[in-house]
Amino acid sequence: MTHRTRPGLKRWRAISAALFFACFATACDYNDIDHLYITTGMGVDREQQGVRLSLDLVQPGGAGNPATSESSNTQGNAPDWIVSTDANTFEDAMSELQAQLSHALYLQHNALVLFSKDALRDFAPVADALERNRQLRRSQLWLVTPGSAENVLRGSQGQTEPISLVIRDLVDEASRRETCFASDELHVVKSLLRPSGVAPLAAVDLGRGGSPEIVGLAYLSRDGRVDLVERDQLLGNAWWLGRTLDVRETVPWVEHGKQGVIGVHWLRTSTRIVVSGEKRPPTLRVVWRGTGEVERWGAKAKMSAQTFAQLESAIREDVRQRLESALAHAKSEDMDAFGFANVCRERGIELPNGEWKNISVEYDIEPHIVHGQLASTTPFSEGSREGGH
Amino acid sequence: MAAEQRVFPRTAADAARQIDEALRPCPDLRLESWSTQRETGLILWIDGLVDADRLQEALVALRQGGGHRARSGKALKPGVATEEVVTLSAAIQALLEGCAVVLRDDAHSACVWRLERVPARAVDRSENEPTLHGPQEAFIERLAVNIAMVRKRLKSPRLKIETFTVGETSPGTLAMMYAEGVVKSDLLREVRRRMAQIRVDYVADINEVREFINDPRFSVFPTTEETERPDRVVAALMEGRVAILADGSPTCLLVPVTFAMNLSSPEDYYMHYSLALPLRLLRYLMFWASVLLPALYVALLTYNQDLLPTPLLVSVAAQHAGIPFPTVIEALGMMVAFEALREAGTRLPRAVGQSVSIVGTLVIGDAAVRAGLVSPGMVIIVSATGVASFTLPALGLVQATRLLQFPFVLAASLFGLYGILMLGIALLGRMASLRSFGVPYLAPMAPTFIRDMKDVIIRAPWWMMQGRPRQFETVERHRVPPRAQTKGSRWRRRGRP
């Protein structure tokens, strides 16, 4: 009898012990959703003492809750609320904010880190903290704002979802059209660690209506320098940095001595930088390919083979000018924004510091226009021939 | 009982008195005397169990025909089926079965007239296994009718029926049906052995039989298949399975059964085969949803919030704000409430049951949310779980999912997704270890029978399912003998339509 019961007893003891330790190992992670402050965004500003950290927290009692939608709360009926604090370091700021809050901070859903331009001057400690924090995802966006990050987070009005998610959607949509805006942490850090040491970040700010908007592109160098490119200079930079989809531009067009414009809708463009030749410094060939359609044809001339060739030539020249202008700006800022050093490294060529500026560039631009006059002429074309608005 | 085993007394009056004593009080026992030129006696029957018209006709015939036929005994067989019994107990049993017992003086035996007309309902549509296509009739509570319904479909001398008498106090009849030459002999032996071991005072329903012959004594998973459709029984017999019917039960047990069979519906075989695949996939999905959905919800809200998309998490957090209970208590409460509503809807008369269902939905779904007792998400999850369980064709499997979802919720509340995973592995292990009359429960998936896969997730066209299921190890492997190669078939293979 004893022999028959012992194995069973041992088995039950083993199962009980396993359950006991499993409880310890996993049940300690119990965190009911009611006991969490879900963080959807962070704002990092530079203060005299150190950093000012702002967190965008989901407010469960805010908009969207059918049970409590009629009740008032700390910041009205907003879907989120912002808490801020100053501290010497990023970690201290996190601790202080946690001390102010009645529930645990939940960082796994943090969608973005919004740096003020000033804060990026000394971004290494913050970046180090962000990289080390296991709760934060590397897919979170790193963004720049020319002014105060806290103001961007606090100043937005009339949103039905947390402002950070609005900004993330904004940037996601922009990065679908222009890949240079895909400034998630993983890509930014990888770019900073490459030979050129420059990463592009989307720049956002509050618009006139109080809603956030993309104001341009910022280049962040490893040494903390930031160069903000305005929106009117954006297209050339976007072309340098990769593919674009569904973007539009106006190309100057001269007909019979009169200045006009042609609207071009680029369905897709791609840019490759290729090292040509073995001499040092090497020559880079920029291969630009684009497929587009003429969206606004303000010329009197009928579309013919000759006109078409002139049109493509004009477009080619415009693209070249935009690329050259972007490169000139990068050189003036002493930022290898377009990764010349990276391309050379891939070919086994080590460039001395600053040598990238002496590299000669050849442009291989081939625009391909797929629609002609038929699709771009409207009854109102006559009125827009002179350029119009 | 000892008195009832005695032989008949000399006079019919004594025999009738002893029968009356054995049955007393028995106000529905009727007695009438009869006499012919040579014999006298009594006839007994129980009112309501006998066809009164035929009894009167038989009595008239007995009285009129007794003059010249009494010597040969044919007077006692006035155009009805008869049987001679020599013990009182047999006579009493015949009375209780609805027969008339004819007692004669100086006979020491009785003649039993088979005139039973036991109250029973007519054959009706299947309510528990309704289909849009195919046969619609279902078994009733009379064994003879049920057997006839099977015979009507399977007109073959290979259909064999063995009967067993089970029940100490009230003996009932069980019938075991199989197709000779198809079913494995070991399976028949095993079914007979288990049927012989049944010890009950009476058989109220086939479920009692099931619990006696079930493979694992303690398992929530059904290892026998229940059906009320004769067409399904015939299909099972032709697959080499055994059907068990009980007198008084409108349900038939089919053994052995596998998990996959519980997820196939009769409708699958009556519709186009291309539709069976998505429907069966849906049922597999719904099975796991009915077991896991509340548990996943609890795990995601209490441990693994990082797996939810951010907008969904924000929405769920907004819904959950102000709910006074932890998620697991909220889930368990809702599940219990849903089960209560389901039970109430089942037990109450149909019209009232529907009202309860609607009122319950309104109360739980709307008022409770407005009162801040439960979150809308939880209502959706529990309702979706209930709907998912309703898609399962086998009632036994539905009951299993109703039970299983509770331990999964508890595991999720203690260990999160890790707990669900561990319990899921244990459940699969348990299912893999189950046998139904020697057939692995997860066959033909584990162990794998490739040929039988034609009728698991997909339902192959009938012309592709020429073989019987390998998992049942049938004697005949093919449903029809493989066709000899003919001139025509060679010609078709050359590419002509």
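The values are calculated or read from the model by the stated rules, or taken from the named source; none is laboratory data. Predicted, not measured: the structure shown is a model, and the values here were computed from it. When we count neighbours, we look across all protein chains shown, and the Cβ atoms used for this are built from the backbone with ideal geometry, even at glycine. The area values use the complete protein model at the heavy-atom level, side chains included, leaving out ligands, DNA and RNA. Shrake-Rupley method; radii C 1.70, N 1.55, O 1.52, S 1.80 Å.
Considering the conditions (1) touching a residue at least 40 places away in the same chain (Cβ under 8 Å); (2) within 19 Å of residue B:220 (Cβ to Cβ); (3) within 14 Å of chain A (Cβ to nearest Cβ), residue B:426 is excluded by exactly one of them, (1). Look at region A:122-147: where a residue is under 22 Å from residue A:215 (Cβ atoms) and a partner is open to solvent by 20 Å² or more (accessible area, probe 1.4 Å) and basic (Lys, Arg), sitting 6+ places away or on another chain with Cβ atoms under 8 Å, you get A:141/A:168; A:144/A:117; A:145/A:117; A:146/A:117; A:147/A:117.
On the basis of being more than 14 Å from chain A (Cβ to nearest Cβ), touching a residue at least 40 places away in the same chain (Cβ under 8 Å), surrounded by 24 or more Cβ atoms within 10 Å (Cβ to Cβ) and not in a helix (DSSP H, G or I), does residue B:264 make the cut?
Working: more than 14 Å from chain A (Cβ to nearest Cβ): yes; touching a residue at least 40 places away in the same chain (Cβ under 8 Å): yes; surrounded by 24 or more Cβ atoms within 10 Å (Cβ to Cβ): no; not in a helix (DSSP H, G or I): yes.
Spelling it out, it is not the case that residue B:264 is more than 14 Å from chain A (Cβ to nearest Cβ), touching a residue at least 40 places away in the same chain (Cβ under 8 Å), surrounded by 24 or more Cβ atoms within 10 Å (Cβ to Cβ) and not in a helix (DSSP H, G or I).
Cβ separations smaller than 7 Å between residues 6+ apart or across chains give the following pairs from region A:89-107 residues that are more than 13 Å from every other protein chain (Cβ to nearest Cβ) to residues that are open to solvent by 20 Å² or more (accessible area, probe 1.4 Å) and part of a helix (DSSP H, G or I): A:89/A:125; A:90/A:125. Take residue B:170 and tell me if it is of a type in the set (Ser, Thr, Tyr), modelled with pLDDT under 90 and assigned by TED's automatic domain parsing to the domain that holds residue B:58. The answer is no for residue B:170.
Can residue A:247 be described as under 22 Å from residue A:170 (Cβ atoms), outside the structural domain of residue A:144 (by TED's automatic domain parsing) and within 21 Å of the chain's Cα centre (by Cα)?
yes
Take the conditions open to solvent by 10 Å² or more (accessible area, probe 1.4 Å) and more than 19 Å from residue B:56 (Cβ to Cβ) and apply them to residue B:117. Does it pass? The answer is no for residue B:117. Taking the conditions (1) at pLDDT below 95; (2) surrounded by 17 or more Cβ atoms within 10 Å (Cβ to Cβ) in turn, residue A:257 satisfies each one other than (2). When the residues of region B:441-455 are filtered to those that are open to solvent by 20 Å² or more (accessible area, probe 1.4 Å) and not charged (D, E, K, R), the one that is nearest to residue B:255 (Cα to Cα) is B:442.
Tallying residues that are open to solvent by less than 70 Å² (accessible area, probe 1.4 Å) and at pLDDT 85 or above within region B:36-58 yields 14. Would you tally the residues in region B:192-245 being of a type in the set (Lys, Arg) and under 16 Å from the mean Cα position of the chain (by Cα)? Total satisfying the criteria: 4. Out of the residues in region B:148-185 that are touching a Gly at 6+ places or on another chain (Cβ under 7 Å) and of a type in the set (D, E, K, R), which is farthest from residue B:250 (Cα to Cα)? Applying the filter and picking the extreme gives B:184. Scanning region B:371-409 for residues that are more than 23 Å from the chain's Cα centre (by Cα), aliphatic (A, V, I, L, M), part of a helix (DSSP H, G or I) and crowded, with 17+ Cβ neighbours inside 10 Å yields a total of 5. For region B:150-166, filtered to residues that are in contact with a Ser or Thr (Cβ under 9 Å, 6 or more places away or on another chain) and not hydroxyl-bearing (Ser, Thr, Tyr), the residue that is nearest to residue B:241 (Cα to Cα) is B:164. Taking the criterion of being among the hydrophobic types (A, V, I, L, M, F, W, C) and in a helix (DSSP H, G or I), the residues of region A:313-352 that qualify are A:314, A:315, A:319, A:323, A:326, A:327, A:328, A:330, A:340, A:341, A:343, A:344. Here is the figure for region B:452-461: residues that are under 23 Å from residue B:184 (Cα atoms) and not aliphatic (A, V, I, L, M) total 3. Could you check, for region B:319-339, whether at least one of its residues is open to solvent by 60 Å² or more (accessible area, probe 1.4 Å) and more than 11 Å from chain A (Cβ to nearest Cβ)? Within region B:319-339, one or more residues are open to solvent by 60 Å² or more (accessible area, probe 1.4 Å) and more than 11 Å from chain A (Cβ to nearest Cβ).
Of all residues in region B:283-307, those satisfying the criterion of being within 8 Å of chain A (Cβ to nearest Cβ) and either in a helix (DSSP H, G or I) or of a type in the set (A, V, I, L, M) (or both) are B:301, B:302, B:305, B:306. Taking the criterion of being modelled with pLDDT under 90, part of a helix (DSSP H, G or I) and among the acidic types (Asp, Glu), would at least one residue in region B:447-462 satisfy it? Yes - at least one qualifying residue is present in region B:447-462.
With respect to the stated conditions, residue B:280 is more than 14 Å from every other protein chain (Cβ to nearest Cβ) and surrounded by 17 or more Cβ atoms within 10 Å (Cβ to Cβ). For residue B:249, the requirement of being at pLDDT below 95, out of contact with any Asp or Glu (no Cβ under 7 Å at 6 or more places or on another chain) and of a type in the set (Ser, Thr, Tyr) is not met.
Select, from B:431, B:465, B:445, the only residue that is outside the structural domain of residue B:221 (by TED's automatic domain parsing) and free of Cβ contacts under 8 Å to residues at least 24 places away in the same chain. Steps first, please.
Working: B:431 fails: free of Cβ contacts under 8 Å to residues at least 24 places away in the same chain; B:445 fails: free of Cβ contacts under 8 Å to residues at least 24 places away in the same chain.
Step by step, each of B:431, B:465, B:445 is checked, and only B:465 is outside the structural domain of residue B:221 (by TED's automatic domain parsing) and free of Cβ contacts under 8 Å to residues at least 24 places away in the same chain.
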